[in-house]
Amino acid sequence: MRSPNHGAAVPRNGEGLTVGAVQAPKEAEQNASIVASTPDCDKIVSSFKARFALLGHAVHDLADGGFIVSRWNLTRHCPDVRALGAFLKQIGGGAL
């Protein structure tokens, strides 16, 4: 029989969180804020979307944080902002 706290996050020695038998380091909590949307990141994404639009491409946000870039019947998945910028540079969207 499982204990009532099975799978619950329990602090342990101030080193991180223990979930079942797996320990998640404190860095994971700190890095979560890096992944979260920030005003600077939103501004960069908006700028990229505008550049893509000038080249005739549409950029669609995905629920997982990625993007789909489309033109005519062709699409390309970009898993993050860095990949989006690399694709923009590849298609001649200017220096980044």
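Taking amide hydrogens as modeled 1.01 Å from N in the peptide plane, which residues meet the under 5 Å criterion relative to Asp80, leaving out close sequence neighbours?
Under 5 Å from the amide H of Asp80 lie the amide H atoms of Phe67, each far enough along the sequence or on another chain.
Around Ala83, with a cut-off of 12 angstrom between Cβ atoms, what is the net charge of the other residues, counting Lys and Arg +1 and Asp and Glu -1?
+2
Could you check the simple spin-label distance between Leu74 and His60, using points 7 Å along Cα→Cβ, in nm with one decimal?
So the two model labels end up 1.8 nm from each other.
Within the range 36-61, which residues have the backbone N less than 15 Å from the label spot 7 Å out from Ile91 along Cα→beta-carbon, could you tell me?
46-61
Each reported figure results from applying straightforward, stated rules to the coordinates on display, with no laboratory input. These figures come from a predicted structure and were not determined experimentally. Every residue, glycine among them, receives a Cβ derived from its backbone with ideal geometry; neighbour counts consider all protein chains shown.
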